[in-house]
Amino acid sequence: MVRERVVIRSKEEIALSRHAGELAAQVLAMIGEYVRPGVTTDELDRICHDFIVNDLKAIPANIGYHGYPKTVCASVNHVVCHGIPGDKKLHDGDIVNIDVALIKDGWFGDTSRMYYAGKPSILAKRLVDTTYEAMLAGIRAVRPGATLGDVGYAIQSVAHREGFSVVRDYCGHGIGTTYHDDPQVLHYGRPNTGLTLRSGMIFTIEPMINAGKPDTRQLADGWTVVTRDRSLSAQWEHMVAVTDTGFQVLTQWPDGLGEFARYGAVDGSIAITANSPSIANVNAA
């Protein structure tokens, strides 16, 4: 059995991690207005790259990471994760996950959101909403003394309630001055099992939920992961720190929660504006 070596961060280090996370969240807030039918994911990638480098004065973390060629991952419809931006145009009704990672002052920020190009189907919207709710359930399970099994169980319970499945091939991860670190954060599990959480841990919670079966396959490009049954897939991602009393989300949305405010605040530090547009619904007809 391999024991995970989890780094415990100081409050000062968590603040540095949060700064990087908040910058990554700014990228996702910025790109929403550009997601629409007719745009290519490569165009979205270039916009994100320019914003990270020129406006945020940060380093895109994905370019060259194990050979990855682009700034963001753009995963459309049945693409589960790691979709490489390209010249294919988005169509009305497409759902898109954009996953951003950057480096600021040696610290990594990593977060993702779902977006709609035009008007989504009823199934697509239910999947996107459920995946957000599942992520939030996992985040709310984070506290000292809880286990990663508690987090995974909270996530899978929401997904299974709606008849959806949880991808088991990919997971969340520790993050800080290393992009992907211990612990591995599975999005399924059994209560009271797995690593016990301690104040100062930082990791991502990023469930991938499928409308069909959980099975995935990787395409020949070595990156793009799709559902085997070509069912829709959705994902949201936040960076989370374990605190003395619970959790702190390090990738808060600077533009408010919009329609997702109905699920409640992620924590007490975000200003919720009731009239903010939904992240996923910014470009819905």
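The values are calculated or read from the model by the stated rules, or taken from the named source; none is laboratory data. Quick caveat, the model's predicted, so the values are computed rather than measured. With ideal geometry, Cβ positions are generated from the backbone for all residues, glycine too; neighbour counts draw on all protein chains shown.
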_Neighbours by Cβ (under 6 Å, 6+ apart or cross-chain): first from segment 10-35, farther than 14 Å from Trp107 by Cα; second among the charged types (D, E, K, R)_ = Leu28/Arg113; Ala29/Asp255
*Residues within segment 64-115 that are β-branched (Val, Ile, Thr) and farther than 23 Å from Tyr132 by Cβ, tallied*: 3
*Those residues that are surrounded by fewer than 21 Cβ atoms within 10 Å (Cβ to Cβ) and either in contact with a Gly (Cβ under 7 Å, 6 or more places away or on another chain) or under 16 Å from Thr251 (Cβ atoms) (or both), I need them from segment 112-123; list them, please.*
Gly118, Lys119, Ser121
*Could you run through segment 68-127 and say how many residues are farther than 18 Å from Ser233 by Cα, of a type in the set (Asp, Glu) and over 16 Å from the mean Cα position of the chain (by Cα)?*
2
*asked:* Can you find a residue that is in a loop (DSSP other than H, G, I, E, B), free of Cβ contacts under 8 Å to residues at least 40 places away in the same chain and either surrounded by fewer than 17 Cβ atoms within 10 Å (Cβ to Cβ) or out of contact with any His (no Cβ under 6 Å at 6 or more places or on another chain) (or both) anywhere in segment 191-204?
replied: no
*On the given criteria, is Lys11 charged (D, E, K, R), closer than 24 Å to Asp181 by Cβ and surrounded by 15 or more Cβ atoms within 10 Å (Cβ to Cβ)?*
no
*Filter segment 14-29 down to residues that are under 19 Å from the mean Cα position of the chain (by Cα) and surrounded by fewer than 18 Cβ atoms within 10 Å (Cβ to Cβ), then give me how many there are.*
2
_Residue that is of a type in the set (Gly, Ala, Ser), in contact with a Phe, Trp or Tyr (Cβ under 8 Å, 6 or more places away or on another chain) and surrounded by 19 or more Cβ atoms within 10 Å (Cβ to Cβ), where the choices are Gly109, Gly152, Gly138_ = Gly152
*Looking at Asp150, Asp169, Asp182, Asp110, which is the one that is modelled with pLDDT of 95 or more, assigned to a loop (DSSP other than H, G, I, E, B) and of a type in the set (Asp, Glu)?*
Asp169
_Residues of segment 113-135 classified as of a type outside the set (Asp, Glu), in a helix (DSSP H, G or I) and out of contact with any strand residue (DSSP E or B) (no Cβ under 9 Å at 6 or more places or on another chain), total_ = 3
_Looking at (1) assigned to a strand (DSSP E or B); (2) closer than 27 Å to Pro214 by Cα; (3) not β-branched (Val, Ile, Thr), which one does Gly86 not meet, given that it meets all the others?_
(1)
